[in-house]
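Notes follow the structure.
The values are calculated or read from the model by the stated rules, or taken from the named source; none is laboratory data. Note that the structure is predicted; figures quoted are calculated from it, not measured. Cβ placement follows ideal geometry from the backbone for every residue including glycine, while neighbour counts extend to all protein chains displayed.
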Amino acid sequence: MSSYEDYTRKSKVYDKTREPVGILISVGAFAQSRTPLGEMTVLDAGCGTGNFSRAMLEHVGRIEAVDMNPGMLEVAARKMAKSQADGRIAFHSAGIDELPFDDATFDGVMINQVLHHLPDEPARGFPAHRRVFEEFARVLKPGGVLVVNTCSQEQLRHGYWHYHLIPTAADALRNRYAPLEDLAEIFSECGFTHAGAFAPLDAAVQGEAYFNPRGPLDEDWRDGDSVWSLVGEDERDRALSKLQKLDATGELETYVARNDARRSDIGQITVLTALRN
């Protein structure tokens, strides 16, 4: 369950602006497993509306999908009713720090844009992250593959044009993301060998909707990026007012292009891979 986001409400519109970005990198990582890709059993930790599970089912044998939000699970289960009936996916209401599975159950674990929702303490070395990765190590088989879809600090600073409209919230969000070097250290301490980091440069988390310069004026668009749940009312009003003024003066497209310039060089997400020792 997100420590700051109302996904029960947003689950109804979430899929309007979300894409399973980085999925082919994840498939490539899982292909390094000791188990053939098509026979793998994979855990989707924090599955949300199931976009990543649905995409991954094209490549692996079976998925156990876990989330704590009933709205998200309802949407995911409805989208994949046939796969459930075929026994290829099952959904579980559970926390990712206390998984309802036996030791060494999975060939692979994936967690996609979830870690920043943990109620964590960066000053103490992200203890909630450590608990989660210890749990992943427990349920993974030796040699199993871990895939973590997250964002680098640089991507959060320069990969999302609309974050420049809401600097206070953007800072708050960035503070929730463990830096990549911290995650690599946590991997090692929790029984993993860090195997690589890959950033797709040609895709946006919100798909084509991301490129709509007037997108933030639409609440459904804002619901596709949890940063907006960290925006105070005053900051939101200032941001939308600025957007409307830029639009009225014909400067909006230039503003978006200037603040989106580095995204094509750094991407929006980074996929980390690791192997269970």
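Filtering the range 189-237 down to residues that are of a type in the set (S, T, N, Q) and in a helix (DSSP H, G or I), which residue is surrounded by the fewest Cβ atoms within 10 Å (Cβ to Cβ)?
Once the filter is applied, the top-ranked residue is Ser229.
Which one of Phe91, Phe101 is closer than 30 Å to Leu173 by Cβ and of a type in the set (Phe, Trp, Tyr)?
Phe91
Between a first residue in the range 221-247 that is under 17 Å from Asp171 (Cβ atoms) and a second residue that is outside any loop (DSSP other than H, G, I, E, B) and not aliphatic (A, V, I, L, M), which pairs have beta carbons less than 7 Å apart while being 6 or more apart in sequence or on different chains?
Close Cβ pairs satisfying both conditions: Val227/Tyr163; Trp228/Arg222; Glu235/Thr168; Ala239/Pro216.
Being under 24 Å from Tyr7 (Cα atoms) and touching a residue at least 12 places away in the same chain (Cβ under 8 Å): is that true of Ala195 here?
No: the conditions fail for Ala195.
So for the range 85-108 (the condition being of a type outside the set (A, V, I, L, M, F, W, C) and closer than 30 Å to Arg258 by Cβ), does at least one residue qualify?
no
Give just the number: which of (1) modelled with pLDDT of 95 or more; (2) farther than 24 Å from Ser152 by Cα; (3) over 17 Å from the mean Cα position of the chain (by Cα) does Val42 not satisfy?
Only one criterion is unmet by Val42, namely (3).
Based on this model, can you work out whether Leu272 counts as surrounded by 15 or more Cβ atoms within 10 Å (Cβ to Cβ) and either in contact with a Cys (Cβ under 9 Å, 6 or more places away or on another chain) or free of Cβ contacts under 8 Å to residues at least 24 places away in the same chain (or both)?
No.
When the range 257-272 is examined, which residues are found to be farther than 16 Å from Pro167 by Cβ and either of a type in the set (Phe, Trp, Tyr) or assigned to a helix (DSSP H, G or I) (or both)?
Within the range 257-272, Ala257, Arg263, Ser264, Asp265, Ile266 qualify.
I need the full set of residues from the range 72-97 which are in contact (Cβ under 8 Å) with a residue 24 or more places away in the chain and among the acidic types (Asp, Glu), in order please.
Glu74, Asp97
Looking at the range 146-165, is at least one residue within 17 Å of the chain's Cα centre (by Cα), buried (at least 17 other Cβ atoms within 10 Å of the Cβ), polar (S, T, N, Q) and assigned to a helix (DSSP H, G or I)?
Yes: the range 146-165 contains one or more residues that are within 17 Å of the chain's Cα centre (by Cα), buried (at least 17 other Cβ atoms within 10 Å of the Cβ), polar (S, T, N, Q) and assigned to a helix (DSSP H, G or I).
Of the residues Asp67, Asp15, Asp44, Asp86, which single one is charged (D, E, K, R) and touching a Lys or Arg at 6+ places or on another chain (Cβ under 9 Å)?
Checking each option against the conditions leaves just Asp15.
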